[in-house]
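Read the structure below first, then the notes.
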Amino acid sequence: MPEEGLSGQVWVITGGAGAIAGRIARAFAAAGARLVLADLDRAREALAARARELGVMSFTADLTQFAEAEALARRVREGMGRVDGLIHTVGTYAGGPVDAVDPAQYERLFDLNVRTLFYTVRAVLPLMLEQGEGFIAGFASGPAWRGAGPRAALYAAAKSAVATFLRSLDAELRERHGEARPKVQVPPSVAEAGQGGREIPPVARAKSPGEGANAHENGATPQAGATNGTAGTSPPPAARSGGGIRVAVVYPMGIVDTPANRRSLPNADPDGWIDPDEIATVLLFAATRGPRGRLLELPVYPGR
């Protein structure tokens, strides 16, 4: 994505009638993005009002249904020509000790936090692979970052699944990119004595201690069996490489200052909560990095 902004790029923001999505939409619209907001039919009026305010498109979709996620992606492509970015804000919270939580909360938490993310990513990812570039972001949580959420175990588990899915997607895209990139032909003059011209992978790194177990490790891993080639060989079609698609996981590390949270916690001091404008700023910064730097995990803390 270009550092100068998002001018002309098409970005889909799900949960588009929500408070956090609204702040993100304003920040991205100000950066020049062409937005598509999506939310449930019951939020139709609020969604339409926000779309009118920002001068953007909006669609209703139940993203717990894959057919509706596919239809959303199809309508965006037909109407806008492409999909450059997806910011998935759909999710929900429920707390309570494990021995008291309503078993029905299992499906609700995993449907809204995980299923909607998977279905929406599954719908837009083929378009991004075809384009050879894109950006995908979703929301995990502080408990997902810390690895525990006492009195909110199901919520912590669902948000941990969100984080693991997105980190796994990032690793999968990097793996595809590593397989698609041509190897470098080392001239005989610099090759080991007696080896002649030998092929080496273009990227290498030292393995970290405990590699494979570190949840936040995000270095590139050379892949065995990479596509053969030599210096100057044209890369394969973009659809075969995920190198231009970046992924980000947002971790709000505390309560976000939204109208719903203020209503549910009327006696709390919101000055100690996270300003959603800061989340929008962090996402915009991640989305506008150049090709030689990326931000995968984005913990956002409350002010001191």
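Annotations
- Matching residues, region 17-43, being under 22 Å from Thr116 (Cβ atoms), free of Cβ contacts under 8 Å to residues at least 60 places away in the same chain and part of a loop (DSSP other than H, G, I, E, B): Ala17, Ala33, Leu40
- Candidates are the residues of region 49-85 that are β-branched (Val, Ile, Thr) and over 17 Å from the mean Cα position of the chain (by Cα); the one that is nearest to Leu109 (Cα to Cα) is Thr64.
- Residue in region 22-41 that is in contact with a Pro (Cβ under 6 Å, 6 or more places away or on another chain), under 27 Å from Thr164 (Cβ atoms) and either surrounded by 16 or more Cβ atoms within 10 Å (Cβ to Cβ) or acidic (Asp, Glu) (or both) present: yes
- Cβ pairs under 8 Å, 6+ apart, first in region 283-304 and over 20 Å from Met253 (Cβ atoms), second part of a loop (DSSP other than H, G, I, E, B) and of a type in the set (Gly, Ala, Ser): Thr288/Gly5; Thr288/Ala31; Pro291/Gly244
One line per residue, one yes/no per condition, for (1) of a type outside the set (A, V, I, L, M, F, W, C); (2) at pLDDT 95 or above; (3) buried (at least 20 other Cβ atoms within 10 Å of the Cβ); (4) in the same structural domain as Arg246 (by TED's automatic domain parsing):
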position: Ser58; (1), (2), (3), (4): yes, yes, yes, yes
position: Ala71; (1), (2), (3), (4): no, yes, no, yes
position: Met128; (1), (2), (3), (4): no, yes, yes, yes
position: Ile136; (1), (2), (3), (4): no, yes, yes, yes
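- Every residue from region 60-111 that is free of Cβ contacts under 8 Å to residues at least 12 places away in the same chain, closer than 21 Å to Tyr155 by Cα and of a type outside the set (D, E, K, R): Ala100, Pro103, Ala104
- The number of residues in region 255-269 being surrounded by 15 or more Cβ atoms within 10 Å (Cβ to Cβ) and touching a helix residue (DSSP H, G or I) at 6+ places or on another chain (Cβ under 7 Å) comes to 4.
The values are calculated or read from the model by the stated rules, or taken from the named source; none is laboratory data. Just so we're clear, the structure is a prediction, and the values are computed from it rather than from any experiment. Reconstructed Cβ throughout: ideal geometry from the backbone, glycine too, with neighbour counts over all protein chains shown.
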